[in-house]
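Encoded as structure tokens, the structure appears first; notes follow it.
The values are calculated or read from the model by the stated rules, or taken from the named source; none is laboratory data. On a predicted model such as this, the values are computed, not experimentally measured, just so you know. Positions of Cβ are backbone-derived with ideal geometry, glycine not excepted, and every protein chain shown enters the neighbour counts. When the accessible area is computed, the model is the full protein with side chains, heavy atoms only, and any ligands, DNA or RNA have been set aside. Shrake-Rupley method; radii C 1.70, N 1.55, O 1.52, S 1.80 Å.
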Amino acid sequence: MKKSNWRGFTLQLILITILPLTVLLLVVAFGSQTLHHEAMRSLVGDRDLRTVRAASSSIEREVTHLSSTIQQLAREMDSQSDFSSLHLTPDEIASTFVGGIALYTKDGSLIHASTTDMDWQTIPALIPGLYKSAAQSSKTPVFSNLVTSPGTTQPYIFLIARTGQGEMLLGAFSPQRLIETAIGDLASSGQITVLVISP
């Protein structure tokens, strides 16, 4: 009789106390783990968003710098057909416009180029619509699409600005180098680990 009562009490204790507590502990453990995963996912998402915004802002600054530089150079070309009177040295021009700069007549004839590494004669033919629209009416610099000049393997984007004489000043920059310069600090700090550029 005593054994039967003891077994019944043990069974009731397990069913009423220990089993619900075990289930409750499991629910709390799995629930807190799920909440932790969600919180970490949200934290990583916020960090990635901040990183993308910082990279975008840096790239925008670089593009603005390129645009203002080509405009300044175009203004300085008003009375000169070569680049000797420019306030930027050849090294400064090469660091800003990796492919170099070139001055053209309105109809696309090459007047002068800062480098012979590129076949500058062919560039207006590679961007005819953009060149013509910039030559006719644009007061602000115009960006071309990604272009690979014959004889080179490096793709460039050309930035076109009109001089006061109606001539066209083209600057060639590498988008890959621009991005590397713009987000170099982020990449070196480990916030951006992989960058893929596809033309």
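As a rough guide to protection, the peptides 42-54, 166-178 ranked by mean Cβ packing within 10 Å, highest first, stand as 166-178, 42-54.
Look at the Cα gyration tensor of segment 85-170: its axes a ≥ b ≥ c give a/c of at least 1.5 with a/b at or below b/c, and that counts as oblate. Working from label points 7 Å from Cα in the Cα-to-Cβ sense, the GLU180 to GLN12 distance is 8.0 nm. As a calculated quantity, the FRET efficiency between ASP48 and THR140 at R0 = 41 Å, using C-beta atoms, amounts to about 0.80.
Solvent exposure of segment 14-115 amounts to 65 Å² per residue of accessible area, where only protein heavy atoms count and the probe is 1.4 Å. Between THR105 and SER133, residue separation times 0.36 nm minus the direct Cα-Cα distance comes to 8.7 nm. Placing dummy labels 7 Å off each Cα toward the beta-carbon, the span from THR152 to THR122 is 1.1 nm. Shape analysis of segment 45-192 based on the Cα gyration tensor places the equivalent ellipsoid semi-axes at 29, 16, 15 Å, largest first.
Ranked by the mean number of other Cβ atoms within 10 Å per residue, highest first, peptides 29-41, 117-129 order as 117-129, 29-41.
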